[in-house]
Amino acid sequence: MTRRISFSNNPNGKLFSDTFSDVRLADAERFYAGSKLDVYLKGMQMGTVQVVAIRPILYKQITDVLSYLVCGKPAAYLAAMIRNWYEPQDDITGETRLAHLVLQWTSRNVEAHALQLQEWWQATRSAEELKPQTQTQNSNT
C-alpha cells in the first residue's frame, strides 16, 4: 500500500529535484528504506517517491545544515514548522524522535510539476523584485 506525504509549500524548490530530503515524526510503519509515498503539494498529486535512506534524529538535533537542506531556512524555522504540523504541540520535546528522510522520485505527474514549477518561479521572481537594491546597484545608476 502506498501512503501519502503532503507538502503545503515548496519554498526552496526541493520537490523539483530527482532526490530530496524531508524531516517528519518517526513512524516505522510509514517511513522505512524502500517504502513508497504518494506526494501531494497544495493538494495536487505530484507523483510517487521511494524512501532511499533514513536517519533517525531527535528534535533537539535539528541543525542549520539540516534545516537549510529541508526548507531553505535556519534551524529555528524548521523546529517551529514541525511544532506547527503536529498536535498537540506540547508533546514535542527535545527527545521527540524524528526521521530525516531521503526521497527519490519513482514516477512524476509531469503536468503537475510543470504547473507548480511555473508558480514557484513566479513567486521567486516576485520576491526578488521586492528585495531592496544594494548600495552597489544604486551607485551604478
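The values are calculated or read from the model by the stated rules, or taken from the named source; none is laboratory data. No experiment lies behind these values; they were computed from the predicted model shown. Using ideal geometry, Cβ is built from the backbone for each residue, glycine included, and neighbour counts are taken over all protein chains shown.
Each residue in segment 53-77 was checked for being surrounded by 14 or more Cβ atoms within 10 Å (Cβ to Cβ), at pLDDT 95 or above and among the hydrophobic types (A, V, I, L, M, F, W, C), and 5 pass. Considering only residues in segment 13-52 that are among the small types (Gly, Ala, Ser) and within 28 Å of THR124 (Cβ to Cβ), the one that is surrounded by the most Cβ atoms within 10 Å (Cβ to Cβ) turns out to be GLY47.
Report yes if ASN10 is in a loop (DSSP other than H, G, I, E, B) and either within 11 Å of the chain's Cα centre (by Cα) or surrounded by fewer than 12 Cβ atoms within 10 Å (Cβ to Cβ) (or both), otherwise no. Answer is yes for this residue. Any residue at all in segment 21-31 that is among the hydrophobic types (A, V, I, L, M, F, W, C), assigned to a strand (DSSP E or B) and within 14 Å of the chain's Cα centre (by Cα)? Yes, there is a match, as at least one residue in segment 21-31 is among the hydrophobic types (A, V, I, L, M, F, W, C), assigned to a strand (DSSP E or B) and within 14 Å of the chain's Cα centre (by Cα).
Determine whether segment 81-100 contains at least one residue that is of a type in the set (S, T, N, Q), surrounded by 13 or more Cβ atoms within 10 Å (Cβ to Cβ) and in contact with a Ser or Thr (Cβ under 7 Å, 6 or more places away or on another chain). Checked against the condition, which is being of a type in the set (S, T, N, Q), surrounded by 13 or more Cβ atoms within 10 Å (Cβ to Cβ) and in contact with a Ser or Thr (Cβ under 7 Å, 6 or more places away or on another chain), segment 81-100 yields no hits at all. Taking the conditions exactly as written (closer than 18 Å to ASP27 by Cα and either in contact with a Lys or Arg (Cβ under 9 Å, 6 or more places away or on another chain) or polar (S, T, N, Q) (or both)), does THR96 satisfy them or not? Answer is yes for this residue.
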